[in-house]
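All remarks here apply to the structure that follows.
FYI, it's all coordinate maths here, none of it is from the lab. Bear in mind the structure is a predicted one, so any value in this text is a computation, not a measurement. Glycine gets a Cβ as well: all are built from the backbone with ideal geometry, and neighbour counts include every protein chain shown.
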Ligand code: ADP
Ligand code: MG
C-alpha cells in the first residue's frame, strides 16, 4: 500500500463509520446492556428483563414493556444519528432522556447480529426486524420491545480479544443493571444468565415516577438501595436531602464504619444519569477526609438534581461523563449537603477517637 499521505481522501462507508463509533460506545457486553437499558427507560418501561449467554457475548437480550417502535420506524431506529429524542439544538441543551445521539443501535448492530422485535400498544401485531438481512416479518409479542444481540464483536476479532472471562463480563453486566436499578425504584429489573435468575429487583414504587423532592419517593429509593446493595448500606448511612443554590442533593452517605477498602460502592447520579465525575469525587473525598483513616473508601449514593441547561451531557459517547456549567456551585452543594449530613457522626468521631 501507498503511504497514507499519497492516498486520495475518501468518505468511509456507513458500515465502517458505525464500526468506528462502536469502538467508543460498546467496549464490552455491559456497554450494550447500559445502552439498551437507557432505551427501555426512555420508552417508559416498568419492567425490564435482561438475558445473557456466555457473559453476554453469545447472546444478550433486553426485553421491556415500554412504548414500542412502530413497524414503519423499525428500520429507522437502526440508522445512525436517527433518534426520536431530540429534534433541535435547543432540545439537546435541555435534554432529560438518557439517549439523544441516535447511535447506539446502529453501532451495536455493526458489530453483532442484532434483531429488533417490537410492538406499540396500538399495533395489532409485533414485527421483527433482522438488522443484517433487513428482513421484516410479523411476530408475536405483547406491547413493548425486545432487542436481541448475538455474537457481539464477531466481526471485530481485535475487540473480541479484549474480552475477559464470561464470569467477569457477567459481573460488569450486573453492575450496569445495578446502576440503573439504583435510580429507578419505579421499574422492576431481572437479569438472567445461562437460564439462571441472577438478580431480580421488584419495583418499590408504583405509579408515575415522582422524584427526590417527594418524601415517599425517597423512601422507595432507600428500599431499592437496600434491595440492591444490602440492608446495611442504608442502615449504616445518614440520609442526605438538601438544596444548595440551584442544586438539590439527595441520597445516603455511609457512616465511617461502613467504609470499605475499595471504592466500589460510590454511586453518583446527575438528573437520573449515573456519572463518574471529578468534581463530585473531589467534593465527596474532601467531605470524608477527616472521618476516614488510611485508604478507607466511603460508600454513598448521591442523586443530584439541577437545571438541565446547567449541565452538558454531550461530552462523551457513553455519557458517563458530564460537564457542569458552574462546577464550583456543584462542588459546594455536595460538600455542604455532606457536611450537614455527617455533622453528627463527625462530632461523635471527635469525641471518641478510635485507637
Ligand atoms: P437514542 O437512544 O440516542 O435515540 P438509539 O440508537 O439507542 O439512539 O435508539 C434509536 C431510536 O430507537 C430511539 O430514539 C427510539 O426511538 C428507538 N428505540 C430504541 N430502543 C427502544 C425501546 N426499547 N423502546 C422504544 N423505542 C426504542
Ligand atoms: Mg439509546
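Points worth noting:
- Cα-based helix-to-principal-axis angle, 327-341 vs the chain, degrees rounded to 10: 50
- Inter-probe distance in nm under a simple model that places probes 7 Å from Cα toward Cβ, at residue 75 and residue 344: 6.2
- Between helix 215-229 and the chain there is an angle of about 80 degrees, using the helix long axis and the longest principal axis of the Cα atoms.
- Model label sites at residue 5 and residue 168, defined 7 Å from Cα along the beta-carbon direction, differ in position by 4.0 nm.
- Global size of the range 305-351 as Cα Rg and Dmax, reported in angstrom: 15.3, 48
- Kirkwood hydrodynamic radius (C-alpha pairs) into Stokes-Einstein, the range 189-323, 10 °C and 1.306 mPa s, D in µm²/s: 98
- The angle between the Cα long axis of helix 166-181 and the main principal axis of the chain comes to about 70°, on a 0 to 90 degree scale.
- Going from the residue with the fewest nearby Cβ atoms within 10 Å to the one with the most, 255, 342 rank 255, 342.
- Seen from every direction in turn and averaged, the convex hull around the alpha carbons of the chain projects onto 21.5 nm².
- Extension gain (nm, one decimal) between residue 296 and residue 17, 0.36 nm per residue minus Cα-Cα: 96.0 nm
- Mean residue ellipticity (222 nm) of the chain, computed from DSSP H runs ≥ 4 via -39,500 (n - 2.57), nearest 500: -9500 deg cm²/dmol
- 10 Å binning of all Cα-Cα separations within the range 14-201, expressed as whole percents from 0 upward: 10, 38, 39, 13, 0
- Values of log10 I(q)/I(0) for the range 154-198 across q = 0.13, 0.18, 0.20, 0.30 Å⁻¹ run -0.41, -0.68, -0.77, -1.06, by the Debye formula with one identical scatterer at each alpha carbon and no solvent.
- Full extension of the segment from residue 318 to residue 151, taken as 0.36 nm per residue of separation minus the current Cα-Cα distance, would add 58.0 nm.
- For the range 26-110: span of alpha carbons on each principal axis (Å, largest first): 42, 27, 26
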